[in-house]
1. So is GLU14 under 26 Å from ARG120 (Cβ atoms), modelled with pLDDT of 95 or more and not in a helix (DSSP H, G or I) or not?
2. If I go through segment 87-108 residue by residue, how many of them are open to solvent by 20 Å² or more (accessible area, probe 1.4 Å) and among the basic types (Lys, Arg)?
3. Considering only segment 109-129, how many residues are closer than 27 Å to GLY35 by Cβ and open to solvent by 90 Å² or more (accessible area, probe 1.4 Å)?
4. Could you tell me whether VAL36 is of a type in the set (A, V, I, L, M, F, W, C), modelled with pLDDT of 95 or more and more than 26 Å from LYS106 (Cα to Cα)?
5. Out of GLY70, GLY61, GLY84, GLY13, I need the residue that is open to solvent by less than 40 Å² (accessible area, probe 1.4 Å), within 21 Å of GLY119 (Cα to Cα), more than 9 Å from the chain's Cα centre (by Cα) and not hydroxyl-bearing (Ser, Thr, Tyr). Which one?
6. Quick check: is even one residue across segment 100-121 more than 11 Å from ILE2 (Cβ to Cβ), out of contact with any Phe, Trp or Tyr (no Cβ under 9 Å at 6 or more places or on another chain) and not in a helix (DSSP H, G or I)?
7. Filtering segment 17-58 down to residues that are in a helix (DSSP H, G or I) and in contact with a Ser or Thr (Cβ under 8 Å, 6 or more places away or on another chain), which residue is least open to solvent (accessible area, probe 1.4 Å)?
Amino acid sequence: MIGILIIAHGTLGEALVDDVVHVLNKRPPQLAQLGVASQEDPLDLLPMAQNILRQVDSGDGVLVLTDVWGATPSNVAVKLLLPGRVEGVAGVSLPMLLRALTYRNKDMETLVTKAVSGGRDGVIHMEPI
């Protein structure tokens, strides 16, 4: 099973994990998050991120999800990436995370594709009924 690490601003990652627990009625294994405070230096966060990455990796790799491309969380995530082994996707949302959790028993390429489509397909212009 591919592990999932969320690296996001403030408590967003924690909230996403809490929401997943609410939706699934249990905490999925190999799911962790690292919250990034505004005053933290990305280089100081890297050892913590590497440690958490090792904790969620059972040997099948890890998908790292971040909130905003180009911000501190994604700058930390980029330093963790190893193509095919540790992949990253920016723009994390609850639909993306739920899709990733659903497909993490597949290969990494499939998981990345499904996570991205989950985020994209989760954005819908609602119409009144």
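1. no
2. Number satisfying all stated conditions: 2.
3. Summing the residues that are closer than 27 Å to GLY35 by Cβ and open to solvent by 90 Å² or more (accessible area, probe 1.4 Å) in segment 109-129 gives 2.
4. yes
5. It is GLY61.
6. no
7. LEU45
Yes/no matrix, rows are residues, columns are (1) hydroxyl-bearing (Ser, Thr, Tyr); (2) in contact with a helix residue (DSSP H, G or I) (Cβ under 8 Å, 6 or more places away or on another chain):
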residue: LEU46; (1), (2): no, yes
residue: ARG54; (1), (2): no, no
residue: VAL89; (1), (2): no, yes
residue: THR110; (1), (2): yes, yes
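The values are calculated or read from the model by the stated rules, or taken from the named source; none is laboratory data. Remember, it's a predicted structure, so these values are computed and weren't measured experimentally. Every residue, glycine among them, receives a Cβ derived from its backbone with ideal geometry; neighbour counts consider all protein chains shown. Side chains included, ligands, DNA and RNA excluded: accessible areas come from the protein's heavy atoms. Shrake-Rupley method; radii C 1.70, N 1.55, O 1.52, S 1.80 Å.
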